[in-house]
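The values are calculated or read from the model by the stated rules, or taken from the named source; none is laboratory data. Worth saying up front: this structure is predicted, and the values here are computed from it rather than measured. In this analysis, Cβ positions are derived from the backbone assuming ideal geometry, glycine residues included, and neighbour counts consider all displayed protein chains. Calculation scope for accessible area: heavy atoms of the full protein, side chains included, ligands and nucleic acids excluded. Shrake-Rupley method; radii C 1.70, N 1.55, O 1.52, S 1.80 Å.
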Amino acid sequence: MPPNILMIVADQHRQDCLGINGHPFLKTPNLDKLAETGVNFTNAFTSSPICVPARNSLLHGVWSCKHLSIANADTEASRPAIELPTFTQTIKNQGYNLSFIGKWLGGKAKSPQEFGFDDYIPEGQYATWRAEQGLEPRPSGMPFFGYDSHITPQQSRLYWGASQTIRKLEEQAVKDQPFLIRWDPSEPHLPNVVPQPYADMYPPESIPPWPSFGDPLINKPYIQAQQLRSWGLDGWTWEKWAPLVGRYLGEITLLDQQVGRVLHALETLGIADNTIVIYTCDHGDMCGAHGMIDKHYVMYDDVTRVPLIIRWPGVTQPNRKADDFVIHTIDLAKTLCEMAGAQAPDTFQGESLIPTLKGTGSTQRQDVLCMYHGNQFGLYSQRMVRNHDWKYVWNGTAEDELYDLVNDPAERINKAQFLECRDIVRQFRLRLHEWMVQVKDPLDNGWIRRQLLENKKI
């Protein structure tokens, strides 16, 4: 029988917030173990550092400029994706049973069932379950990070979501049909309202500032400093930030514990050896880096770099690190089709990760592209090209950015206007144009070509 597939797609999980990825004290034993028994992709990047565009790219296997769902709901650019083939329908046509649990696309997007899922358990059902238990509603609103004093960890939304996933695994384990089960928890997206002991698991005084904290944002686009004002964060010291970061880390450990429960269920049900497990997220989170919160209008690694772990029993060798440049949403879409024994639709724009998983090859990419289009504070076109040494950010209506990742991994110094970096900027602009042509970016027009090909950009 073809392999089963279990996908866990978290929300706003920073790549550096895993023990296996080098965090000095964060406890993620279950995800670390998953990486030790599979492949840990250390250079995975999102196609767009925002929920709905990234999740639509995973679903449709194309860039956000292709599916056109470029912003979240309740913005001036909110709209569902256009009609395109999906990896879900492709897998369903191979005889798979598909289940979705958790956070869906929202807004005016079609339902999971319309994309081929047989079962859908929306995350909103947790609020109903919570009320039925006689519990107070989950805290929300400002401040973004809080303490849920009304529940135990076993009554948390994460525990509930893991339980729904386990129940679905139990249902499918007795059937003679391959399955894909996808669990998309909202965590660790703010607000991080976590129960004890996770709320106080990481005391603020034990948390050092991010290397980028204190960035004066000199020679950077105006909108970055404005972000601090828009969120009411200008002037915040690390003493104010540290409790918030502690709750974020606590929620990741709570998430890790629930992932462990799900992985244990695979073992006890006797289906672990024929089930591919994928853990990733849509994008990262600033969480105080550069003094910012959430995401939007920036292309720092804090939001563009993502965790990606894949275990395929009998195929992946244990404890492997892959440093391939991966654009995880569009690459996963194509890879999932091939895992199920299907041909990916011709419209898909990603590359297969199968050679890397088998240890027979790699993506051969020397750099990655990322794009952003704006959100609640208005439209704002950005494109990023990043290799191992440098990152270039083209800002359509602001100054460009260039970061020396070798000597300035925290991305504090924008060198785009440094005279000694003129040739580097010129080469990146040429490379960006190549990317835009390759992915059929509609911003590849005469005005933008002049900026990039003739180097006429601030």
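Quick notes on this one:
- Residues in segment 360-385 that are modelled with pLDDT of 95 or more and part of a loop (DSSP other than H, G, I, E, B) were compared, and the one that is most open to solvent (accessible area, probe 1.4 Å) is 366.
- Residue within segment 212-222 that is in contact with a strand residue (DSSP E or B) (Cβ under 8 Å, 6 or more places away or on another chain), closer than 23 Å to residue 403 by Cβ and part of a loop (DSSP other than H, G, I, E, B) present: yes
So that you can scan it fast, the table gives a plain yes or no per residue for (1) outside any loop (DSSP other than H, G, I, E, B); (2) of a type in the set (Gly, Ala, Ser):
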| position | (1), (2) |
| --- | --- |
| 285 | no, no |
| 294 | no, no |
| 302 | yes, no |
| 318 | no, no |
| 329 | yes, no |
| 334 | yes, no |
| 337 | yes, no |
| 342 | no, yes |
| 345 | no, no |
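- Qualifying residues in segment 16-46 (those that are among the small types (Gly, Ala, Ser) and out of contact with any Leu (no Cβ under 8 Å at 6 or more places or on another chain)) - the one most open to solvent (accessible area, probe 1.4 Å): 22
- Residues considered: 164, 172. Of these, the only one that is modelled with pLDDT of 95 or more, among the polar types (S, T, N, Q), farther than 25 Å from residue 56 by Cβ and open to solvent by less than 40 Å² (accessible area, probe 1.4 Å) is 172.
- Selected residue [over 17 Å from the mean Cα position of the chain (by Cα) and farther than 18 Å from residue 181 by Cβ] from 48, 78: 78
- Every residue from segment 394-425 that is of a type in the set (D, E, K, R) and open to solvent by 90 Å² or more (accessible area, probe 1.4 Å): 420, 422, 423
- Every residue from segment 86-112 that is open to solvent by 60 Å² or more (accessible area, probe 1.4 Å) and under 20 Å from residue 342 (Cα atoms): 89, 92, 93, 94
- All of (1) buried (at least 16 other Cβ atoms within 10 Å of the Cβ); (2) assigned to a loop (DSSP other than H, G, I, E, B) hold for residue 208 with one exception: (1).
- Taking the criterion of being closer than 19 Å to residue 173 by Cβ, open to solvent by 20 Å² or more (accessible area, probe 1.4 Å) and either assigned to a helix (DSSP H, G or I) or of a type in the set (Val, Ile, Thr) (or both), the residues of segment 240-270 that qualify are 261, 263, 264, 267, 268.
- Restricting 321, 334, 295 to those that are open to solvent by less than 20 Å² (accessible area, probe 1.4 Å) and charged (D, E, K, R) reduces the list to 295.
- Residues in segment 322-370 that are of a type in the set (Phe, Trp, Tyr) and in contact with a helix residue (DSSP H, G or I) (Cβ under 7 Å, 6 or more places away or on another chain): 348 only.
- With respect to the stated conditions, residue 420 fails to be out of contact with any Gly (no Cβ under 6 Å at 6 or more places or on another chain), closer than 27 Å to residue 67 by Cβ, in a helix (DSSP H, G or I) and of a type outside the set (Lys, Arg).
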